[in-house]
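Reading through the structure tokens given below for one structure.
The values are calculated or read from the model by the stated rules, or taken from the named source; none is laboratory data. The structure presented is a predicted model; accordingly, all values stated were derived computationally and were not measured. Don't worry about glycine lacking a Cβ; one is built from the backbone with ideal geometry, like all the others, and counts go over all protein chains shown.
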Amino acid sequence: MTTIEATPTTTSRLQFASSLDNAATDIGLLVVRVVFGGLMAAFGAQKLFGWFNGYGLAATQQMFEGMGYNPGTLFGTLAGVSELVGGLLLIFGLGTPLAAAIVTGTMLNAVNATWANGLFGTAEGPGYQSALTFAAVAVAIGFTGAGKFALDAGRPWERKGFVIGAGALGLAIVTAVLTLILKWVL
């Protein structure tokens, strides 16, 4: 019987490969956070400042009035700020569960606003598939946390896991429902 002994070079290669495998999840979370957070922040900037071919705040507020979110001044501004702040927090991995809750709650209202057009939309307007996808990504980040490449990582305030994810999702649902109640009452 022949035995193969690990040489120091083989051992160091295996350790290096193992450390890359351990970092793979954190790299994946970084990519998702930066791209997704960047998109959310850009949507917020479109609404608030008219950047990236957006409508700007006044037109956004009028659009929200037209969707029944009265007063549009409040709800249009709230949507823009939520998208911008939630997106920026996700990019940096700062306050990640709160950022996930902010984005999820906002996207639940976007699902409600586009629900009548169905999942994929109609000639009258877009469907809710994008908002649903964005909500799902935000919920996933709320459960997984930001990963090692984040401002939350290793800090006393870092939070992740089932209870934190469920709390972020619960907060998002409560705020989304409260927003919808205000929409219907005001």
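For residues that are part of a loop (DSSP other than H, G, I, E, B), of a type outside the set (D, E, K, R) and on the phi < 0 side of the Ramachandran plot, tally how many sit in region 139-171. Spell out how you get there, then give the answer.
Within region 139-171, the subset part of a loop (DSSP other than H, G, I, E, B) is 145-161.
When the remaining residues are screened for being of a type outside the set (D, E, K, R), the result is 145-147, 149-151, 153-154, 156-157, 161.
Filter again for on the phi < 0 side of the Ramachandran plot, leaving 146, 149-151, 153, 156-157.
Number satisfying all stated conditions: 7.
Condition first: surrounded by fewer than 16 Cβ atoms within 10 Å (Cβ to Cβ), more than 26 Å from GLY28 (Cα to Cα) and among the charged types (D, E, K, R). Can you find one or more residues in region 147-155 that meet it?
Checking region 147-155: not a single residue is surrounded by fewer than 16 Cβ atoms within 10 Å (Cβ to Cβ), more than 26 Å from GLY28 (Cα to Cα) and among the charged types (D, E, K, R).
Those residues that are more than 20 Å from MET63 (Cα to Cα) and of a type in the set (Lys, Arg), I need them from region 156-186; list them, please.
ARG159, LYS160
Would you confirm whether or not region 3-19 contains a residue that is farther than 28 Å from GLY145 by Cβ, at pLDDT below 95 and surrounded by 17 or more Cβ atoms within 10 Å (Cβ to Cβ)? If you could, list the steps in order and put the result at the bottom.
Going through region 3-19, the residues farther than 28 Å from GLY145 by Cβ turn out to be 3-13.
Those left that are additionally at pLDDT below 95: 3-13.
From what's left, surrounded by 17 or more Cβ atoms within 10 Å (Cβ to Cβ): none.
No, because not a single residue in region 3-19 is farther than 28 Å from GLY145 by Cβ, at pLDDT below 95 and surrounded by 17 or more Cβ atoms within 10 Å (Cβ to Cβ).
Would you pick out the residues in region 109-148 that are aromatic (Phe, Trp, Tyr) and under 30 Å from ALA23 (Cα atoms)? Give the steps one after another, and end with the answer.
Step one: of region 109-148, the residues aromatic (Phe, Trp, Tyr) are 115, 120, 128, 134, 143.
Those that are aromatic (Phe, Trp, Tyr) and under 30 Å from ALA23 (Cα atoms): PHE134, PHE143.
Residue by residue, here is whether (1) without any contact (Cβ under 8 Å) to a residue 24 or more places away in the chain; (2) of a type in the set (Gly, Ala, Ser) holds:
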{"position": "PHE75", "(1), (2)": "no, no"}
{"position": "VAL81", "(1), (2)": "no, no"}
{"position": "ALA100", "(1), (2)": "no, yes"}
{"position": "ALA110", "(1), (2)": "no, yes"}
{"position": "THR122", "(1), (2)": "yes, no"}
{"position": "ALA131", "(1), (2)": "no, yes"}
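Can you tell me which residues in region 20-74 are under 13 Å from the mean Cα position of the chain (by Cα) and of a type in the set (A, V, I, L, M, F, W, C)?
Filtering region 20-74 down to residues under 13 Å from the mean Cα position of the chain (by Cα) leaves 29-44.
LEU29, LEU30, VAL31, VAL32, VAL34, VAL35, PHE36, LEU39, MET40, ALA41, ALA42, PHE43 - these are the residues of region 20-74 that are under 13 Å from the mean Cα position of the chain (by Cα) and of a type in the set (A, V, I, L, M, F, W, C).
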